[in-house]
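> Pasting a structure here, questions to come.
The values are calculated or read from the model by the stated rules, or taken from the named source; none is laboratory data. From a predicted model like this one, the values you see are computed outputs, not experimental measurements. Because the Cβ atoms are built from the backbone with ideal geometry, glycine has one as well, and the counts that use them run over all protein chains shown. Note: accessible area is taken over every heavy atom of the protein model, side chains too, but ligands, DNA and RNA are not part of it. Shrake-Rupley method; radii C 1.70, N 1.55, O 1.52, S 1.80 Å.
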Amino acid sequence: MLHQAAKVSILSTLLLCSSMSLTAAGAAAQPEKPKLILQITVDQLRGDLPGRFKKNMGEGGFRYLMEKGIWYANAHYAHSNTETVVGHTTLATGAIPAVHGMVSNVWFDRDTGKLTYNIEDDRYHILSAGADVDKSTEVDSSQALASTDGRSPANIISSTFSDELTLHTNGGAKIFAVSVKDRGAVTLAGHTGKAFWFSKATKDFITSSYYYDKYPKWVAEWNKEKNFERYANTSWELLKDKSTYLLAANDDAPWEMDIAGFGRTFPHEYGAAKGKNFGNFLTFSPAGDELTLDFALTLLDKENLGQDNITDFLAISFSTTDYVGHLFGPSSLEAEDNILRLDRTLAKLFAAVDKKVGLENTLIVLSADHGGPEAPGYYKAFGIESGYVSPDKWDKEPAIARLKKQFGIGQKLIRDFYPPYLYLDRKLIKEKGLDQGEVEKAVAKELMAIKGVALAVSSTAMAKNKLPDTQLNRSALRNFCAKRSGDILVLFQPHHFINHFNGEVVAANHGGPWRYDSFVPIVFAGAKIEQETIYREVNPVNIATTLAAIIGTKPPSGSHGAPLQEVMDDM
Ligand SMILES: [Zn+2]
């Protein structure tokens, strides 16, 4: 009997050991952490737009995110200047602009005395000849203001999640970011990753000497293929039968931009590949996102992302939705068709990632850098007051002219306005022996009386924390970085904005604190995520902190906010 009992005991020990080793082997085969984090940003994707156009969507794109992901249906930025570089950097760093320092697409640098395009850096030039911004055709008004072709993330003051992933893995993680817009890629790649963006001049994906001494072989080869040529002498046509669109009647609204050669109605012709504006036309249409996808999928394959147990990071920012929103408005037929095309682009992306890495091994997070308003004409068609403002005329406004007289100023006092900041002539104020803060305060008070202005706040008052605690002032303070913010922050009333840029007139323009500009989707999908729709208010700053908590890195240096609990519960 004793002998038998001993035998049983040995057997159970053996069983225990073997089951333990089975568990260990299983854990090695199925790691806890995702092999790939895929962070998607859709430029100007207002939170309501995917649902608005869902009826005509196919399978595997937005529907995959809606039906399998955690969809935060009430996500809002809390800073006042809802512009591209500001939102992208907040997504990357989990920080507010007051902390990450990217307060606007363009600012006047008082140290260098130069106007600065957010990510410009004259130490790191573009690697390709002739790929710089062509100022004669560039429609991106902020990019056109850069004085050098150099680009780097040096102006981003705090660390990004991608930086933390690099540090955490001792450089083992592969970090990449791709976008049509340079600032859509450089921000998400952070200080330690590699960024590629689209040159409208050469139609290649390019980078700067900050990232590489020369192009990786696969990039040179992709560019040599001239993938853009497949759009030459073709046109952007509707994906579906026109009668099935919600906005079928909105193809020819008078407020849409009528771009020479591209037009404002379907079909939009791309023209010859050698055409002066061919690169622009690609980015004004779904072709821009399709080329971005093509390049990103080649990157995924050639750089072997997600193939081992060290989590890799790929960020893709799709820019077309923003161009279409500005040129035609978010309630144009172009906008609806573009979202349907983007849905197909996302479906292709998810299918390719599934094949290469497995969606169960990939954590997808999708959001946007900002939302956007409707075109004023569209508001007015439904009886809502809306309009444009012209800060370039403010120096001559009777109230400002009176004030200048009072100060004994005959010259121009308002030097410039780069949204959302107005720049006064500081040198002149000093020469006249005036107090900078007092002049700001007086000008701000007069600006408040101008039609379309909701709030004008003196930066000196912000620096001294002398503002009443209101919601708008809080959003202005979250945007305030003493070294980079202008002298007076100006916010326009809802449905009012600037539409003149370098002689061009756009249909609609974002950049305010209002709900249509702050509203973006946040969706987590893939990995172990289970479907849920969440209506409590969340902020995109929570994305970077959530990713950090999932991987176990420390939070990015300027980040705040807690990880999103619903996501953490599934991990
Ligand atoms: Zn944007």
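> Residue by residue through segment 199-208, what is 3J(HN,Hα) from phi via Karplus (6.51 cos²θ - 1.76 cosθ + 1.60, θ = phi - 60°)? Round to whole Hz and write x for glycine and proline.
So the Karplus estimates, Gly and Pro as x, are 9, 5, 6, 9, 6, 9, 8, 10, 8, 10 Hz.
> Tell me which GluC sites (Glu not before Pro) from segment 470-571 have a DSSP coil assignment and no more than 15 other beta carbons within 10 Å of their own.
Those that pass, being in a loop and sparsely packed, are Glu530, Glu537.
> A further question on this structure: Which loop trypsin sites (Lys or Arg not before Pro) in segment 403-505, with loop taken from DSSP, have no more than 11 other Cβ atoms within 10 angstrom of their Cβ?
Lys451, Lys464, Lys483
> Computed from the mean reciprocal separation of all distinct C-alpha pairs, what Kirkwood hydrodynamic radius does segment 393-460 have, in Å?
12.1
> For Ala315, enumerate residues with amide H under 5 Å from its amide H, sequence gap 5+ or separate chain, H modeled in the peptide plane.
Gln39, Phe176, Ala177, Val178
> Got a sec to turn the phi values of segment 357-364 into Karplus ³J(HN,Hα) couplings, 6.51 cos²θ - 1.76 cosθ + 1.60 with θ = phi - 60°, whole Hz, x for Gly and Pro?
Once rounded to whole Hz, the list reads 10, x, 5, 5, 9, 10, 9, 9.
> Two decimals is fine: what's Rg over Rh for segment 238-285, C-alpha atoms, Kirkwood radius as Rh?
Rg/Rh: 1.01.
> Also: Return the loop-located trypsin sites (Lys or Arg not before Pro) in segment 106-184 (DSSP other than H, G, I, E, B) with at most 13 other Cβ atoms within 10 Å of their own Cβ; answer none if there are none. All intermediate terms of the calculation are to be shown ahead of the outcome.
Working: sites: Arg110, Lys114, Arg123, Lys135, Arg151, Lys174, Lys181, Arg183; in loops: Arg110, Arg123, Lys135, Lys174, Lys181.
Hits after loop and neighbour filter: Arg110, Arg123, Lys135.
> Now a separate question. Quick check: convex hull over the Cα atoms of segment 179-252, volume per residue in Å³, rounded to an integer?
It is 160 Å³ per residue.
> At 4 °C and 1.567 mPa s, grab the translational diffusion coefficient of segment 316-393 from Stokes-Einstein with a Kirkwood Rh over Cα pairs, rounded to a whole number in µm² per second.
The Stokes-Einstein estimate is 85 µm²/s.
> Something else now. Just want the answer: with Cβ charges of +1 for Lys and Arg and -1 for Asp and Glu, which residue in Gly526, Tyr212, Ile450 is farthest toward the dipole's positive end in the chain?
The Cα lying farthest towards the positive end belongs to Ile450.
> Turning to a different aspect of this structure: Among Ala144, Leu167, Leu127, which residue has its Cα positioned farthest towards the positive end of the charge dipole of segment 107-168, with +1 placed on the Cβ of Lys and Arg, -1 on the Cβ of Asp and Glu, and the dipole taken about the Cα centre?
Projecting each Cα onto the dipole axis, the largest value belongs to Ala144.
> OK, next. Using a probe radius of 1.4 Å on heavy atoms only, what accessible surface per residue do you get for segment 386-441? Whole Å² is fine.
57
> In straight Cα distance, which aspartates and glutamates are under 13 Å from Lys54, not counting same-chain residues fewer than 8 positions off?
Candidates past the 8-residue exclusion: Glu67, Glu336, Asp337, Asp343.
> Separate question: Report, largest value first, the span of the C-alpha coordinates of segment 143-302 along each principal axis, in whole Å.
55, 35, 32
> Would you kindly compute the Cα radius of gyration of segment 61-142 and its largest Cα-Cα separation (Dmax), both in Å?
Reported Rg and Dmax, both Å: 17.3, 51.
> Which distance in Å, rounded to a whole number, links the C-alpha centroids of segment 399-427 and segment 342-364?
Centre-to-centre (Cα) distance: 52 Å.
> Roughly speaking, to the nearest percent, how much of segment 41-90's 1.4 Å accessible area is carbon and sulfur?
47
> Here is a follow-up. What is the percent carbon and sulfur in the accessible area of segment 258-355, measuring with a 1.4 Å probe over the protein chains and ignoring ligands?
It is 49 percent, rounded to a whole number.
> If you don't mind, another one. Can you list residues from other chains, or at least 5 along the same chain, whose modelled amide H is less than 5 Å from the amide H of His496?
Correct list: Gly387.
> In percent, what relative contact order does the chain have, based on Cα pairs under 8 Å that are 6 or more apart in sequence? Please list the in-between numbers first.
Working: 1188 pairs, mean separation 158.7, N = 571.
Worked out over the chain, it gives 28 percent.
> Still on this model: How much area per residue is accessible in segment 489-571 when the probe is 1.4 Å and only protein heavy atoms are counted (Å²)?
That works out to 38 Å² for each residue.
> While we're on this one: Tell me what the chain gives for mean residue ellipticity at 222 nm when only DSSP H runs of n ≥ 4 count, each as -39,500 (n - 2.57), the sum divided by the residue total, rounded to 500 deg cm²/dmol.
Value at 222 nm, helices only, nearest 500: -10000 deg cm²/dmol.
> Counting only residues 5 or more places away or on other chains, whose amide H sits under 5 Å from the amide H of Thr533 once H atoms are built in the peptide plane?
Amide H to amide H, under 5 Å and 5 or more residues apart or across chains, Thr533 pairs with Trp71.
> Let me know the charge dipole size of the chain about its Cα centre in debye, to the nearest 20, where only the beta-carbon of Lys, Arg (+1) and Asp, Glu (-1) is charged.
Roughly 1020 debye for the chain.
> To the nearest 20 Debye, how big is the dipole of segment 433-473 about its Cα centre, given +1 on the beta carbon of each Lys and Arg and -1 on that of each Asp and Glu?
So the magnitude is around 100 debye.
> Related question: Rounded to the nearest 5, what % of the DSSP beta bridges within the chain are antiparallel ones? Walk me through the numbers on the way to the answer.
Values: 32 of 60 bridges.
Restricted to the chain, the bridges split so that about 55 percent are antiparallel.
> Still on this structure, I have one more. What is the P(r) of the chain, as percent of Cα-Cα pairs per 20 Å bin from 0?
Taking all Cα pairs of the chain, the binned fractions are 21, 53, 21, 4, 1, 0 percent.
> Taking θ = phi - 60°, what integer Hz values does the Karplus form 6.51 cos²θ - 1.76 cosθ + 1.60 yield along segment 485-495, in sequence order, with x for Gly and Pro?
Going residue by residue, I get 5, x, 7, 9, 8, 10, 10, 8, 5, x, 6 Hz, with x marking Gly and Pro.
> Kindly give Rg over Rh for segment 364-484, based on alpha-carbon atoms, with the Kirkwood expression for the hydrodynamic radius.
Values: Rg = 17.0 Å, Rh = 16.5 Å.
That ratio equals 1.03.
> Let me know the shape class of segment 311-441, please: from the alpha-carbon gyration tensor, a ≥ b ≥ c as square roots of the eigenvalues, rounded when a/c is under 1.5, otherwise prolate if a/b is greater than b/c, or oblate. Could you put the intermediate results ahead of the total?
Numbers: a/c = 4.95, a/b = 2.11, b/c = 2.34.
In terms of gyration-tensor shape, oblate.
> Of the heavy-atom accessible surface of segment 193-240 (probe 1.4 angstrom), what whole percent is carbon and sulfur? Each step should come with its number before you reach the end.
Details: 1070 of 2310 Å².
Percent of accessible area from carbon and sulfur atoms in segment 193-240: 46.
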